[in-house]
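Undergrad: Below is the structure I would like to discuss, written out as structure tokens.
The values are calculated or read from the model by the stated rules, or taken from the named source; none is laboratory data. Quantities reported herein were computed from a predicted structural model and do not represent experimental measurements. Cβ coordinates were reconstructed from backbone atoms using ideal geometry, including for glycine residues, and neighbour counts include every protein chain displayed.
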Amino acid sequence: MEVRFGSTVNGNLLSRGELLQFIRAFVRASEMDPGYYMEFGVLNGSSMVEAWGTLRGTLTHLYGFDSFAGLPPGSIQDELSKDLMPSFKQGNFRSMSRERVQESILASTFNLSPDMLSLSEGFFEESLPSFDLECFEDKGPCLVAHVDCDLYSSSVAVFNFLDGIATTGTWLLLDDYWHYRGSPRHGQRRAFDEWMATSSRIGATEYASYGGFCKAFILHEKY
Ligand SMILES: C[S@@+](CC[C@H](N)C(=O)[O-])C[C@H]1O[C@@H](n2cnc3c(N)ncnc32)[C@H](O)[C@@H]1O
């Protein structure tokens, strides 16, 4: 008999949609100011569309970051892990062009004007350190950072960036936490553990696993 992933998932699993619904309630109950959503790993924009729709009323802006050319070449650490996650290889998850993704997101959302959506093209290792942080000044707090970029090296670049941006109450959604057969020695989970062990500014509290391979945390400033 063919074993199908869908039929093996526990029916009580929290979905990303349900988690986003709770985040909206959390932001409102905590009386947080409207703020922005960031996504690292946009592909064709479907998770950004879902976030905009579900977090409605709480968001000032959507920021998305992607190469729009698929996964980068792996680092030495990624190479050491590749047999545990063979589909995470260079060029996989290639999307439409940045312009087409922008058009598609705008066409699939209600009340999202073009000036509320910024998609940055390039590999994170180059695009994030040079990103102009001044654009956040009138956008409120970083409410949600959705990290969906598969690799250890990509996640390291994202966490370095988030360390200066996250605030108390920022939700960190790690889409790839349980990949690499759940081993803490590989992938996004390794990068996250290293960030938490070394950051002097940001800590994290576990909230819940969701969607099968994903895990949500709430970040806080340490001082
Ligand atoms: C699994 S897809 C994202 C799926 C998307 N969030 C969704 O739910 O529809 C992973 C994306 O991460 C991007 N990515 C991974 N590492 C990257 C890096 N270092 N720089 C830029 N983009 C990267 C890939 O180009 C790809 O589009």
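Undergrad: Among the residues of region 196-215, which ones are small (Gly, Ala, Ser) and in contact with a strand residue (DSSP E or B) (Cβ under 6 Å, 6 or more places away or on another chain)? First the steps, then the outcome.
TA: Restricting attention to region 196-215, the residues satisfying the condition of being small (Gly, Ala, Ser) are 197, 199-200, 203-204, 208-209, 211-212.
Listed by number, the residues that qualify are Gly203, Ala204, Ala208, Ser209.
Undergrad: Now, a different point. Can you tell me which residue among Leu128, Leu143, Leu80 is of a type outside the set (S, T, N, Q), more than 9 Å from the ligand (Cβ to nearest atom) and buried (at least 16 other Cβ atoms within 10 Å of the Cβ)? Before the answer, list the steps.
TA: On the way: Leu128 fails: more than 9 Å from the ligand (Cβ to nearest atom); Leu80 fails: buried (at least 16 other Cβ atoms within 10 Å of the Cβ).
Of the residues listed, the single one that is of a type outside the set (S, T, N, Q), more than 9 Å from the ligand (Cβ to nearest atom) and buried (at least 16 other Cβ atoms within 10 Å of the Cβ) is Leu143.
Undergrad: Criterion first (free of Cβ contacts under 8 Å to residues at least 24 places away in the same chain and either outside any loop (DSSP other than H, G, I, E, B) or not basic (Lys, Arg) (or both)) does Gly70 satisfy it?
TA: Working: free of Cβ contacts under 8 Å to residues at least 24 places away in the same chain: no; either outside any loop (DSSP other than H, G, I, E, B) or not basic (Lys, Arg) (or both): yes.
Considered against the rule, which asks whether it is free of Cβ contacts under 8 Å to residues at least 24 places away in the same chain and either outside any loop (DSSP other than H, G, I, E, B) or not basic (Lys, Arg) (or both), Gly70 comes out as no.
Undergrad: Name the single residue that is farthest from the chain's Cα centre (by Cα) among those in region 39-56 being of a type in the set (S, T, N, Q) and not in a loop (DSSP other than H, G, I, E, B). Break it down stepwise before answering.
TA: Initially, region 39-56 is screened for residues of a type in the set (S, T, N, Q), giving 44, 46-47, 54.
After this cut, where a residue has to be not in a loop (DSSP other than H, G, I, E, B) as well, the list is 46-47, 54.
Working: Ser46: 13, Ser47: 9, Thr54: 16 Å.
In this case the residue turns out to be Thr54.
Undergrad: Specify which of the listed residues (Leu119, Leu80, Leu106) is touching a strand residue (DSSP E or B) at 6+ places or on another chain (Cβ under 9 Å), of a type outside the set (Val, Ile, Thr) and part of a helix (DSSP H, G or I).
TA: Working: Leu119 fails: part of a helix (DSSP H, G or I); Leu80 fails: touching a strand residue (DSSP E or B) at 6+ places or on another chain (Cβ under 9 Å).
Step by step, each of Leu119, Leu80, Leu106 is checked, and only Leu106 is touching a strand residue (DSSP E or B) at 6+ places or on another chain (Cβ under 9 Å), of a type outside the set (Val, Ile, Thr) and part of a helix (DSSP H, G or I).
Undergrad: Hand me the list of strands (runs of 3 or more DSSP E) wholly inside region 155-223 holding 3 or more residues that are at pLDDT below 95 and on the phi > 0 side of the Ramachandran plot. It would help to see each step written out before you state the result.
TA: Details: elements: 171-174, 202-210, 214-221.
Filter on region 155-223 gives an empty set.
Undergrad: When residues of region 108-119 are filtered for being surrounded by fewer than 18 Cβ atoms within 10 Å (Cβ to Cβ) and either under 11 Å from Gly45 (Cα atoms) or among the polar types (S, T, N, Q) (or both), how many remain?
TA: Summing the residues that are surrounded by fewer than 18 Cβ atoms within 10 Å (Cβ to Cβ) and either under 11 Å from Gly45 (Cα atoms) or among the polar types (S, T, N, Q) (or both) in region 108-119 gives 4.
To keep it simple, each residue is scored yes or no on (1) among the charged types (D, E, K, R); (2) crowded, with 19+ Cβ neighbours inside 10 Å; (3) more than 11 Å from the ligand (Cβ to nearest atom); (4) free of Cβ contacts under 8 Å to residues at least 12 places away in the same chain.
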| residue | (1), (2), (3), (4) |
| --- | --- |
| Phe22 | no, no, yes, yes |
| Met32 | no, no, yes, no |
| Asn44 | no, no, no, no |
| Leu59 | no, yes, yes, no |
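Undergrad: Turning to a different aspect of this structure: Looking at region 21-38, can you tell me whether even one residue there is assigned to a loop (DSSP other than H, G, I, E, B), under 25 Å from Ser118 (Cβ atoms) and among the basic types (Lys, Arg)? Talk me through it step by step, then tell me what you get.
TA: In the first step, residues of region 21-38 are kept if they are assigned to a loop (DSSP other than H, G, I, E, B); the result is 30-34.
Filter once more, keeping what is under 25 Å from Ser118 (Cβ atoms): 32-34.
With among the basic types (Lys, Arg) added as a condition, the list becomes none.
No, because not a single residue in region 21-38 is assigned to a loop (DSSP other than H, G, I, E, B), under 25 Å from Ser118 (Cβ atoms) and among the basic types (Lys, Arg).
Undergrad: Based on what the data block shows, is Val27 β-branched (Val, Ile, Thr), under 26 Å from Ile218 (Cα atoms), away from the ligand (no atom under 14 Å from the Cβ) and surrounded by 15 or more Cβ atoms within 10 Å (Cβ to Cβ)?
TA: Working: β-branched (Val, Ile, Thr): yes; under 26 Å from Ile218 (Cα atoms): yes; away from the ligand (no atom under 14 Å from the Cβ): yes; surrounded by 15 or more Cβ atoms within 10 Å (Cβ to Cβ): yes.
Criteria met by Val27.
Undergrad: Tell me the residue from Ser67, Ser95, Ser75 that is within 26 Å of Pro129 (Cβ to Cβ) and surrounded by 22 or more Cβ atoms within 10 Å (Cβ to Cβ), please.
TA: Working: Ser95 fails: surrounded by 22 or more Cβ atoms within 10 Å (Cβ to Cβ); Ser75 fails: surrounded by 22 or more Cβ atoms within 10 Å (Cβ to Cβ).
Just a single option satisfies the conditions, and that option is Ser67.
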